[in-house]
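Beneath this line is the structure, given in structure tokens, with notes to follow.
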Amino acid sequence: MVEVVRFPDIPLYRGWGAPLRSETDARDLEVIAGAVPEGLNGCLFRCGPDRQYPPMTGDDIFIDGEGMVHMFRFENGHVDYRSRWVHTERFRLQEKARRSLFGRYRNRYTNDPSVEGAHMGAGNTNLIWHAGKLLCLKEDDLPYEMDPQTLATIGKYDYGGAVKACSMSAHPKVDWITNELLTFSYQAKGDATTDCVFYVIGGDGRIRNEIWFDMPWAACVHDFAVTPTHAIFPFFPLITDLEVLKKGGPFYQYHPDKPTRIAVVPRGGTAADIRWFDGPNTTAGHMMNACNEGSKVHLDLCLYQGNCFPFFPTPTGETTPAVPPILTRLTMDLDSNSGEFNQQVLTPGPCEMPRTDDRYQGRPYRYGFMICYRGGDGTSSIGRIDHRTGEVKVWSPGPASGVQEPQFVPRRPDAPEGDGWLLTCVSRLNENRSDLAVLDAMDLEAGPVALIKLPTRVRSTFHGTWAPEEALRTGLYDMQLAG
């Protein structure tokens with residue numbers, strides 16, 4: 001008997017969240033307000049999850065689903081749009097079977113027997129442009145290379161066999177000044193292992209350094225941060241237990257009795273040189289930036305005083321209440337013998353998906369950008385924090401509208417920090433379609449300098465990147481720090 005394709009009636013799949021399940025091409029999008037800034041040429045790449053088929057379990061969590069890549073190509077005032085599925089091993093197997101074959105999030109013990117041994121990576125989290133390659137990322141798999149013109153999936157990429165980890169982070173840092181890629185893998189030798197590895201990859205795509213070390217537990221390490229001297233790895237108490245997986249349980253469990261541990265790893269050192277710092281029970285998904293100040297290392301992140309993923313229960317099965325993410329600075333003093341980090345709230349309002357001017361990633365910086373003032377109805381705004389003054393400026397897209405993660409684009413390769421544009425997808429919730437807003441990053445409150453209408457809905461994107469036209473041509477970023 002043919003299995004009927006019917007999605008479950010759950011909140012995640014209602015309204016804006018309904019699976020889109022389609023690829024789109026739209027040439028010359030309508031500019032409904034303002035004009036595309038002169039000189040804004042290149043590609044905005046975004047990535048997020050969609051559902052190819054109804055989930056096997058009858059339920060779902062929003063971070064699961066097959067990867068859908070979105071591309072906005074800017075060329076001399078014109079903007080074209082394209083979206084394509086990421087053809088992972090998981091996608092191809094389900095396409096052939098015409099149904100879902102993979103079970104609970106990242107739990108291979110709940111998969112259909114026909115895909116035993118197949119990889120569960122969905123390619124649904126982030127995209128980077130590095131060393132002339134467009135790479136699609138999900139932290140439980142190796143990258144998938146995609147054609148930057150057509151978005152066709154080329155295949156899995158392991159740097160010519162040089163990467164020995166079984167996965168790579170969805171949150172690497174591409175240094176727009178040196179063209180280095182700084183990345184890592186956690187549970188790097190398989191589910192529930194405590195292996196972590198830090199990679200430095202040159203602009204030629206070759207590994208220059210790697211440092212392997214042990215995590216305090218089999219943690220969730222979604223993001224990390226770097227400075228010119230160190231890599232900073234926060235280990236929060238979201239932990240994978242192999243025996244729980246074998247019984248069909250969740251991939252992570254939240255442990256409210258465990259501390260937060262932070263490893264400060266010298267970029268040119270070894271595992272023996274790592275400094276460890278402890279603090280209260282917290283969690284976080286995303287880092288804004290990190291920088292050095294004398295003997296101190298500062299880490300700015302959206303910190304949750306509790307569980308950032310309430311759908312991952314405690315070991316006793318309890319569901320913890322949602323808590324707001326607050327932009328917070330954690331400071332580790334390398335000259336101190338206390339072994340503890342300090343916390344400082346940077347802005348009291350809740351915010352997420354933090355970004356910077358990418359030229360200043362890992363360096364002392366003034367401006368940060370984020371989604372802020374989220375409403376329970378899905379509305380949200382774009383914010384800019386001035387770390388020098390503490391002032392936060394906000395642009396709201398209007399009623400029944402929300403924003404997705406902002407992407408900063410410098411006005412010129414040598415423009416002052418923050419002088420440029422913010423690109424963000426706008427969800428028009430009542431119209432069931434999207435816009436793309438181009439904002440002046442130094443004058444958010446003036447509203448979009450260009451508002452670009454999409455005829456379709458960009459259901460969800462987590463993260464992405466901007467590749468200037470010159471970088472697409474040469475494979476390298478040609479950026480400078482002002483002054």
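The values are calculated or read from the model by the stated rules, or taken from the named source; none is laboratory data. If you're wondering where the values come from, they're calculated on a predicted model, not measured in any experiment. Every residue, glycine as well, gets a Cβ built from its backbone with ideal geometry; the counts of neighbours run over all protein chains shown.
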Checking 364, 397, 406 in turn, the sole residue that is closer than 15 Å to residue 300 by Cβ and at pLDDT 95 or above turns out to be 364
Determine which member of the set 450, 441, 446 is over 20 Å from the mean Cα position of the chain (by Cα), farther than 19 Å from residue 16 by Cβ, surrounded by fewer than 19 Cβ atoms within 10 Å (Cβ to Cβ) and at pLDDT 95 or above.
446
Segment 57-79 - residue that is β-branched (Val, Ile, Thr) and within 14 Å of the chain's Cα centre (by Cα) and, of those, modelled with the lowest pLDDT
63
Exactly one of these conditions fails for residue 455: (1) surrounded by fewer than 17 Cβ atoms within 10 Å (Cβ to Cβ); (2) in contact with a helix residue (DSSP H, G or I) (Cβ under 8 Å, 6 or more places away or on another chain); (3) more than 24 Å from residue 346 (Cα to Cα). Give me its number.
(2)
Contacts under 9 angstrom Cβ, first residue in segment 248-277 being on the phi > 0 side of the Ramachandran plot, partner of a type in the set (D, E, K, R) and crowded, with 21+ Cβ neighbours inside 10 Å, 6 or more apart:
248/104
Within segment 445-453, is even one residue of a type outside the set (Phe, Trp, Tyr), part of a helix (DSSP H, G or I) and touching a Lys or Arg at 6+ places or on another chain (Cβ under 7 Å)?
yes
Residue identified as of a type outside the set (Phe, Trp, Tyr), under 23 Å from residue 139 (Cα atoms), free of Cβ contacts under 8 Å to residues at least 40 places away in the same chain and touching a Leu at 6+ places or on another chain (Cβ under 9 Å) among 290, 284, 218, 225:
218
Search segment 455-483 for residues that are touching a residue at least 24 places away in the same chain (Cβ under 8 Å) and pair each with any residue that is hydroxyl-bearing (Ser, Thr, Tyr) and in a strand (DSSP E or B) when their beta-carbon atoms are under 6 Å apart and the residues are at least 6 apart or on different chains.
456/24; 457/434; 458/434
Looking at (1) under 23 Å from residue 424 (Cβ atoms); (2) acidic (Asp, Glu); (3) touching a helix residue (DSSP H, G or I) at 6+ places or on another chain (Cβ under 6 Å), find the lone condition where residue 80 falls short.
(3)
Among the residues of segment 99-118, is any touching a strand residue (DSSP E or B) at 6+ places or on another chain (Cβ under 9 Å) and in contact (Cβ under 8 Å) with a residue 24 or more places away in the chain?
no
Candidate set: segment 103-138, residues that are touching a Lys or Arg at 6+ places or on another chain (Cβ under 6 Å), in a loop (DSSP other than H, G, I, E, B) and not aliphatic (A, V, I, L, M); chosen: the one farthest from residue 56 (Cα to Cα):
125
Every residue in segment 116-147 that is within 17 Å of residue 94 (Cβ to Cβ) and of a type in the set (A, V, I, L, M), please.
118, 120, 122
When you go through (1) surrounded by fewer than 16 Cβ atoms within 10 Å (Cβ to Cβ); (2) over 21 Å from residue 452 (Cα atoms) one by one for residue 63, which number turns out not to apply?
(1)
Taking the condition of being under 20 Å from residue 7 (Cβ atoms) and in contact with a helix residue (DSSP H, G or I) (Cβ under 9 Å, 6 or more places away or on another chain), how many residues in segment 83-119 meet it?
12
Answer residue from segment 1-56, given it is among the β-branched types (Val, Ile, Thr) and loosely packed, with under 15 Cβ neighbours inside 10 Å and is farthest from the chain's Cα centre (by Cα) among those:
2
